[in-house]
Amino acid sequence: IEDLLSPDTCVCRTDDRCLVEGLQDVSLEIVMPRGDSDHIVMVLGEQAGKVGQILQREPEREWALVQLGQDPQVLQLPYDSICHYLGRDKDN
């Protein structure tokens with residue numbers, strides 16, 4: 001996802017670097033990080049758009065412990081609220 005046009009519409013970049021505008025959120029699938037320390041981006045809630053790192057995963061319960069940016073607080077978040085982040089590091 002490159003940009004949000006509205007709460008349920010976005011602009012995405014494909015693997016071959018093409019931009020696709022006007023995608024509805026029902027057309028998208030969240031990609032879960034596979035590694036225990038992968039970077040994530042929040043996709044739901046008041047923290048949406050913030051980047052963090054997984055500290056611990058609990059696949060059976062579908063949640064992860066996450067630290068957002070430099071914030072020392074650790075959050076327990078459901079998988080539905082996070083997505084694998086491949087972008088550049090940024091301080092959110």
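Hey, with R₀ at 41 Å, roughly what FRET efficiency would Glu58 and Ile1 work out to, going by the Cβ-Cβ distance, to 0.05?
On the way: r = 25 Å, r/R0 = 0.62.
So the FRET efficiency works out to roughly 0.95.
So which trypsin sites (Lys or Arg not before Pro) in the range 1-85 end up in coil per DSSP with only 12 or fewer other C-beta atoms within 10 Å? Provide the component values of the computation, followed by the final result.
Values: sites: Arg13, Arg17, Arg34, Lys50, Arg57, Arg61; in loops: Arg17, Arg34, Lys50, Arg61.
Qualifying residues, ordered by number: Arg17, Arg34, Arg61.
For Asp3, what accessible surface area do you get with a 1.4 Å probe? Give it in Å², rounded to 10.
Asp3 has an accessible surface of roughly 80 Å² with all protein chains in place.
Please list, by residue number, everything in the range 51-75 whose backbone N is under 12 Å from a paramagnetic label point 7 Å out along Cα→Cβ of Asp38.
54, 57
Can you give me the accessible area per residue for the chain, using a 1.4 Å probe, in Å²? Could you put the intermediate results ahead of the total?
Working: 6690 Å² over 92 residues.
Counting only protein heavy atoms, the per-residue value for the chain is 73 Å².
State the percentage of accessible surface on the range 38-84 attributable to carbon and sulfur atoms; use a 1.4 Å probe and exclude ligands, DNA and RNA.
Numbers: 1240 of 2780 Å².
Roughly 45 percent, rounded to a whole number.
With a 1.4 Å probe and all protein chains kept in place, how much accessible area does Ile40 have, in Å² rounded to the nearest 10?
Roughly 0 Å² of Ile40 is accessible to a 1.4 Å probe.
Could you list which residues have their amide H under 5 Å from that of Val43, counting only those 5 or more apart in sequence or on another chain, with H placed in the peptide plane?
So Val43 has HN proximity to Gly49, Ile82, Cys83.
So what does the Cα-only Debye profile of the range 9-82 read at q = 0.15 Å⁻¹, as log10 I(q)/I(0), no solvent term?
Values, matching the q order: -0.57.
Roughly what would the spin-label model give for Leu86 and Glu21, points 7 Å off Cα along C-beta, in nm?
2.3 nm
Among Glu46, Glu21, Glu60, determine the one that fluctuates most according to a GNM of the chain built with springs between C-alpha atoms less than 10 Å apart.
Top of the fluctuation ranking is Glu60.
Using 7 Å Cα-to-Cβ label points, what is the Leu65/Ala48 separation (nm, one decimal)?
It is 2.8 nm.
Taking only the Cα atoms of the range 41-86, how large is their convex hull per residue, in Å³? Could the numbers behind the result be given before it?
Working: hull volume 3.2 nm³, N = 46.
Once divided by residue count, the hull of the range 41-86 is 69 Å³.
Would you be so kind as to identify which of Gly49, Thr9, Leu28 lies farthest towards the positive end of the dipole of the chain, taking Lys and Arg as +1 and Asp and Glu as -1 on Cβ and the Cα centre as origin?
Final value for the positive-end residue is Gly49.
The values are calculated or read from the model by the stated rules, or taken from the named source; none is laboratory data. Just so you know, these numbers come straight off a predicted model, no measurement behind them. Because the Cβ atoms are built from the backbone with ideal geometry, glycine has one as well, and the counts that use them run over all protein chains shown. The accessibility values were calculated without ligands, DNA or RNA, using every heavy atom of the protein model including side chains. Shrake-Rupley method; radii C 1.70, N 1.55, O 1.52, S 1.80 Å.
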